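Chemist: Below: one structure in structure tokens.
What follows draws every value from the coordinates through simple rules; no lab data is involved. Quick caveat, the model's predicted, so the values are computed rather than measured. Heads up, the Cβs are rebuilt from the backbone with ideal geometry, glycines too, and the neighbour counts pull from every protein chain shown.
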Amino acid sequence: MNLLREKMMKYDAPQRAKAAGIYPYFRAIESDQDTEVVISGKKVLMFGSNAYLGLTNHPKVIEAAVAATKKYGTGMAGSRFLNGTLDIHIELERKLANFMNKDEAIVFSTGFSVNEGVLGCLTGREDYIIWDERDHASIIEGLRTSFSTKYKFRHNDMAHLEKQLKRCDAQSVKLIVVDGVFSMEGDLTNLPEIVKLARKYNANIMVDEAHSLGVLGKKYSGRGVCDHFGLLGDVDLVMGTFSKSLASIGGFIAGDYPVINYLRHNARTNIFSASITPAATAAATAALDILKSEPERVKRLWELTYYAINQFKERGFELGPTSTPIMPLYVRDNDKTFLITKMLFENGIFVNPVVSPAVSPGDTLIRFSLMATHTIDQIDFAIENITKIFKKLDLL
Ligand code: PMP
């Protein structure tokens, strides 16, 4: 008997969803990736992307990727540490450090591997990592590989964070790790209070800016949540990814020289993994340049965000605490969440179904996300359709 196969056969949730005709995953896009995409030969409006600035098909980003491929080739046959560093990796790191007002930055192969690698090596057995229960899976992966003591605090519950900080040894490193914008619910971390508590208990802070880079920041800077609160200088480590606003793949961590120097030589996901391709590096650099020089894109994203949040609220949707382009439409039932995804797709709208473990089992939702390139007409069309379907299923 093939024990592995037998064991895997028991995992039948996808087959059941397929049999019910509501399987929502791996829908292959056959076109470019702006606000309208083609899937199975059908045009649909994309309201499930994290490309918040809509730069994935920007001519300058594409040209930069093509030019880098022509100059350097297609792949990287080694890690940054050894034979995998190009001058354009260093240029991108310099630009990122500059943008984030930090000494230095290191580029990793993905955002996931930044969190995994940084948290896995930065603090030791004698130290503590204190984390928000809704932090991204990549942070949790990092915690799993860390030898430090880990204390979880209830989502954005500052009294609970303080209680956890009190449990730590005053002489040990205490690293508080939070998402800047929580990826499924779209709410912001309470950074001002976290900074106060960090000062009181002599703790350090790391913020994941995956969904805030290119979105938040003073005067539409797109620098992220730390800049939004004017607290960049109080945050020790800022993590970001290229897979969302920066129209590429890869991630980075920025901070003070001694910390980044340590990470450069110790983060295993960086040392033992090939660096990002020339095309990905050049695309991220070009997107960052556009972000810096065209704040009107961020401004537009916010106009659309306020518009859509108001439209949903006027129709009675329960949106939770979002204040960003990520809008959770709570369904609280797995099958209905899949069914709505399918019905919307049939009506020409792509959204993402979000079920456990991305959210707790009782909080399943449709994740509706905006890009700066959406039009008001597209948003109106989507919201009208979503409203009709939610009403039909007695959810409104
Ligand atoms: N952090 C957060 C908060 C995320 O949402 C994600 C990806 N969804 C990541 C990290 C990982 O980034 P990447 O997809 O670039 O690996």
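Chemist: Let me have the 222 nm mean residue ellipticity of the chain computed from DSSP H runs of 4+ only, each contributing -39500 (n - 2.57), with the sum over all residues rounded to the nearest 500. List each step's numbers first, then the result.
Modeler: On the way: 15 runs with 165 residues, N = 396.
Theoretical 222 nm ellipticity from helices: -12500 deg cm²/dmol.
Chemist: Say each of Lys391 and Arg144 gets a label point 7 Å from the Cα, pointing the same way as Cα to Cβ; how far apart are those two points in nm?
Modeler: Calculated label separation equals 4.5 nm.
Chemist: Here is the link list: Lys60/Lys95; Lys150/Lys200; Lys163/Lys218. Which ones come out longer than 21 Å on Cα distance? Numbers along the way, then the final one.
Modeler: Numbers: Lys60/Lys95 17 Å; Lys150/Lys200 19 Å; Lys163/Lys218 32 Å.
In this structure, Lys163/Lys218 lie more than 21 Å apart at Cα.
Chemist: Based on alpha-carbon centroids, what's the gap between the stretch 315-391 and the stretch 37-113 in Å, whole number please?
Modeler: 28 Å
Chemist: Can you tell me how the stretch 217-264 classifies by the Cα gyration tensor, rounded, prolate or oblate, using a/c under 1.5 as the rounded cut?
Modeler: oblate
Chemist: Moving on to the next point. What shape does the stretch 59-293 have by the C-alpha gyration tensor, where a ≥ b ≥ c are the square roots of the eigenvalues, rounded means a/c under 1.5, and otherwise prolate means a/b greater than b/c and oblate the rest?
Modeler: Because a/c hits 1.5 or more and a/b exceeds b/c, the stretch 59-293 counts as prolate.
Chemist: Right, another one. Tell me which residues come under 5 Å, amide H to amide H, from Phe368 once H is placed; ignore anything under 5 positions away on its chain.
Modeler: The answer is Met327, Leu329.
Chemist: Next up: Need one number: nm distance between label points at Arg27 and Lys313, each 7 Å from Cα along Cα→Cβ, rounded to one decimal.
Modeler: The modelled label-to-label distance comes out at 2.8 nm.
Chemist: Dipole size in debye (nearest 20) for the chain around its Cα centre, Lys and Arg Cβ +1, Asp and Glu Cβ -1?
Modeler: Working: 47 positive and 46 negative charges, 114 e Å.
Charge dipole, the chain, about its Cα centre: 540 debye, nearest 20.
Chemist: Also: Looking only at the stretch 38-71, which residues have a backbone nitrogen under 19 Å from a spot 7 Å from the Cα of Tyr306 in the C-beta direction?
Modeler: Output list for this probe position: 53.
Chemist: Under a point-charge model restricted to the Cβ atoms of Lys and Arg (+1) and Asp and Glu (-1), what is the dipole moment magnitude of the stretch 59-293 relative to its Cα centre, in debye to the nearest 20? Please list the in-between numbers first.
Modeler: Details: 27 positive and 27 negative charges, 23 e Å.
Result for the stretch 59-293 is approximately 120 debye, rounded to the nearest 20.
Chemist: Further question on the same structure: Could you compute the net charge surrounding Asn115? Neighbours are other residues with a C-beta less than 9 Å from the C-beta of Asn115; K and R count +1, D and E count -1.
Modeler: Residues near Asn115 contribute -4 overall.
Chemist: If the reach is capped at under 22 angstrom between alpha carbons, list the lysines near Lys7, excluding any in the same chain fewer than eight residues apart.
Modeler: Lys18
Chemist: Of Ala170, Ala19, Ala279, which has the largest mean-square fluctuation in a 10 Å C-alpha GNM of the chain?
Modeler: Maximum fluctuation in the GNM of the chain, among the listed residues, is at Ala19.
Chemist: Provide the packing ranking of 209-220, 60-71, i.e. peptides ordered by the mean count of other C-beta atoms within 10 Å per residue, highest first. Walk me through the numbers before you get to the answer.
Modeler: Numbers: 209-220: 24.6, 60-71: 16.6.
The packing order, highest mean first, is 209-220, 60-71.
Chemist: Please find the FRET efficiency linking Glu126 to Asn202, where r is the Cβ-Cβ separation and R0 is fixed at 22 Å, and quote it to the nearest 0.05. If you can, show how the numbers build up before the last one.
Modeler: Working: r = 15 Å, r/R0 = 0.67.
For R0 = 22 Å, the calculated efficiency reads 0.90.
Chemist: Pull up the cross-link candidates among the lysines for Lys391, meaning alpha carbon to alpha carbon under 21 Å and not fewer than 8 places away within one chain.
Modeler: Lys391 reaches Lys313, Lys336, Lys342.
Chemist: Let's test the formula: R0 of 51 Å, r as the Cβ-Cβ distance of Asp169 and Asp87. What FRET efficiency results, to the nearest 0.05?
Modeler: On the way: r = 44 Å, r/R0 = 0.86.
Computed FRET efficiency for Asp169 and Asp87 comes out at 0.70.
Chemist: What is the spin-label model distance, in nm, from Glu162 to Phe272 if the labels are put 7 Å beyond Cα along the C-beta direction?
Modeler: Calculated label separation equals 4.2 nm.
Chemist: May I pose another question? Rounded, prolate or oblate for the stretch 228-343? Axes are the square roots of the Cα gyration tensor eigenvalues, ordered a ≥ b ≥ c, and the cut-off for rounded is a/c under 1.5. Show your work: numbers first, answer last.
Modeler: Numbers: a/c = 2.02, a/b = 1.73, b/c = 1.17.
Prolate, since a/c reaches 1.5 and a/b exceeds b/c.
Chemist: Could you pull the Cα extents of the chain along its three principal axes, largest to smallest, in whole Å?
Modeler: Each principal axis gives a Cα extent; for the chain these are 61, 58, 53 Å.
Chemist: Using a Cα-Cα cut-off of under 19 Å, which aspartates and glutamates could be cross-linked to Lys196, ignoring same-chain neighbours fewer than 8 residues away?
Modeler: List returned: Asp132, Asp157, Glu162, Asp169, Asp179, Asp208, Asp227, Asp234, Asp236.
Chemist: Let me ask another. Using a Gaussian network model of the chain with C-alpha springs under 10 Å, which one of Pro14, Pro321, Pro24 is most mobile by mean-square fluctuation?
Modeler: Of the options given, Pro14 has the highest mean-square fluctuation.
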